[in-house]
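Reviewing the structure listed below.
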Amino acid sequence: MSNLRILVSAASLFLVFAAKAQSETTPPKLVVGIVVDQMRNDYLQRFGDHFEEGGFKRLMNDGFYCANHHFSYVPTYTGPGHASVYTGTTPAVHGIAANNWYDPRIERDVYCVEDKSVRTVGIANADGQMSPENLKVSTVTDELMLRYNMRSKVVGLSIKDRGAILPAGHLGQAWWYSKGRMITSSYYADELPEWVNRFNDRKLPDTYMKKQWSLLREPEIYTTGEPDDSPYEMKYAGEEAPLMPKDLPKLSELNGFHNVFKKTPYCNSFLIDFAKAAVREREMGKGEVTDFLAVSFSTPDYLGHAMGTRGVEVHDMYLRLDRDLADFFDFLDSEVGAGEYVVFLTADHGAADVPQYNMDMGMPGGYLDRTQVAAEVAASIEKAFGNNEFISAVKDDRIFLNREAVAASDYTYEEVCSFLAATLRMIPGIYNAYPVEPILSAGAGGEFPFFMLSRGLYPPLAGDIIILQDNGWLSYGPVGTSHGSPWTYDTHVPLLLYGKNISPGRTYRRTEIRDIAPTVSMLLGIGLPSGTTGQPILEVLE
Ligand SMILES: [Zn+2]
């Protein structure tokens, strides 16, 4: 090889490196974070045979798939899930301990995004008295705003308030649904911008609800779950059986328009209509700095609660969501530019199979009556200690003691806690119950379920006893399903990352929900959210 050729190839090698380094350090114009509310990982496989090419499959085939991705705390609910995705940590740190929790400091129930100090903007009701006030750390979206000194556009949108507010962080804008309109609160804006008014004036839900909801594909393909006439599904008023197609005008008359609309795939389409309006009207992905659109699809959760994990309706809704996503990605290609944006898609929790289905199949499962549990606990306390004042509140999986009453008695706090835990763990449907204090003061790493308990307990709201239900058991039914447990059906969700600077690939290594935010921080070259305890997923960045 001549000296000249060596020089030329060295120079071209340098140019290749320089170009590569430059493309890797140029951040994407837009990040689209998608949360599918209640999406289990196995849906990608169960429904995947009938997905088309441009939606979920585009993310799976051309992006990076974390196939063993989990929540690593309890409780697995919507508020904590969204907060954990966007803060890169768990309820122990970010403070969103449940959807609703009992706060012993003020002795009342609190909704995770409630804020009575702000007013609704966009409709005359209380649905907008919401803000991120209870979120105690920064989000990846906050860090993007701080990195670019508020020049980024951060927009969170969802049908549920908490699905929009928590992802948008403290510095973004959030929009959610109330009675056919997209609204916000005075935390974000004093009035609706003109583009949102124009969107609301189109009254798209009315148009969608004039339709029937029929199966998208031929009936023969819907074989991954129960037959359409299933005893595990909710029946609407006016229905003989929970059958497709759904006569939406008739059902909405008898069951309430918005109640029905939120459980149709058209509600996902409506949210995408709004996402497109936001991208266009706010000119997202067109500025000097990275913008962030956080979308949370609530319908999969509403419909899952009603129909379970194996309903034909749920299968069909995912096929239609797949189409809607394909359409949205095409829109982003033309609006922002193919290859110029990043998408990640995950869920805020999974879901249990319907307990009655489990029981009928010979699988473990059952129904736990929490009112009865509370009554049994009160009776056993009375019997053992001759005192019925030890318990101040029972809220979901938590028991709060009246510490003053215990201190004034002949028994120690530890004696009462350990008696309660021992009583609870003998009740059918309860896996175990734990005194909270030792977990809070000593931490609890190590084996399941201890690491999940310690990561889920936000100290001031932790209470005194925490209860874990048995595998397959719910306090919800008799039809439809729920979630909230530490078991894999609730923790195992998809994570797909796709787009600029992300190579296609797949890992079966266990990754965690709290790893998403630090991974996105590294991709964007921005600060870590202030409470992050997760780790960047190296396979995605390399
Ligand atoms: Zn949820």
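The values are calculated or read from the model by the stated rules, or taken from the named source; none is laboratory data. Values in this document were obtained by computation on a predicted structure and should not be read as measured data. FYI the Cβ positions are ideal-geometry reconstructions off the backbone, even for glycines, and counts take in every protein chain you see.
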Next on the checklist: Restricting to segment 494-510, name every residue that is more than 12 Å from residue 344 (Cβ to Cβ) and in a strand (DSSP E or B).
Outcome noted: 505, 506, 507
Checklist entry - Is it the case that residue 38 is without any contact (Cβ under 8 Å) to a residue 40 or more places away in the chain and either buried (at least 21 other Cβ atoms within 10 Å of the Cβ) or over 18 Å from residue 466 (Cα atoms) (or both)? => result no
Checklist entry - Checking residue 111 against (1) within 16 Å of the ligand (Cβ to nearest atom); (2) surrounded by fewer than 22 Cβ atoms within 10 Å (Cβ to Cβ); (3) in contact (Cβ under 8 Å) with a residue 60 or more places away in the chain, which single condition isn't satisfied? => result (3)
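Applying the selection to segment 437-488, what residues are among the charged types (D, E, K, R) and either at pLDDT 95 or above or in a helix (DSSP H, G or I) (or both)? Full working, then the answer.
Start the filter on segment 437-488 by keeping residues that are among the charged types (D, E, K, R), which leaves 437, 447, 455, 464, 470.
Of everything in segment 437-488, those that are among the charged types (D, E, K, R) and either at pLDDT 95 or above or in a helix (DSSP H, G or I) (or both) turn out to be 437, 455, 464, 470.
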Checklist entry - Are any residues in segment 345-390 surrounded by 17 or more Cβ atoms within 10 Å (Cβ to Cβ) and assigned to a loop (DSSP other than H, G, I, E, B), and if so, which ones? => result 348, 349, 350, 351, 352, 353, 354, 365, 368, 387, 390
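How many residues does segment 280-299 hold that are more than 16 Å from the ligand (Cβ to nearest atom) and within 22 Å of the chain's Cα centre (by Cα)? Steps first, answer last, please.
Residues of segment 280-299 more than 16 Å from the ligand (Cβ to nearest atom): 280-293.
Checking which are within 22 Å of the chain's Cα centre (by Cα) leaves us with 291-293.
Number of matching residues: 3.
Touching a residue at least 24 places away in the same chain (Cβ under 8 Å), under 26 Å from residue 40 (Cβ atoms) and away from the ligand (no atom under 16 Å from the Cβ): which single residue out of 302, 266 fits that description?
Values: 302 fails: away from the ligand (no atom under 16 Å from the Cβ).
Result: 266 is the single residue among 302, 266 that is touching a residue at least 24 places away in the same chain (Cβ under 8 Å), under 26 Å from residue 40 (Cβ atoms) and away from the ligand (no atom under 16 Å from the Cβ).
Table: residues versus (1) polar (S, T, N, Q); (2) within 16 Å of the ligand (Cβ to nearest atom); (3) crowded, with 24+ Cβ neighbours inside 10 Å; (4) not assigned by TED's automatic domain parsing to the domain that holds residue 499.
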{"site": "47", "(1), (2), (3), (4)": "no, no, no, no"}
{"site": "52", "(1), (2), (3), (4)": "no, no, no, no"}
{"site": "58", "(1), (2), (3), (4)": "no, no, no, no"}
{"site": "68", "(1), (2), (3), (4)": "yes, no, no, no"}
{"site": "71", "(1), (2), (3), (4)": "no, yes, yes, no"}
{"site": "74", "(1), (2), (3), (4)": "no, yes, yes, no"}
{"site": "80", "(1), (2), (3), (4)": "no, yes, yes, no"}
{"site": "84", "(1), (2), (3), (4)": "yes, yes, yes, no"}
Checklist entry - In segment 245-276, which residue that is crowded, with 18+ Cβ neighbours inside 10 Å and among the small types (Gly, Ala, Ser) is farthest from the chain's Cα centre (by Cα)? => result 252
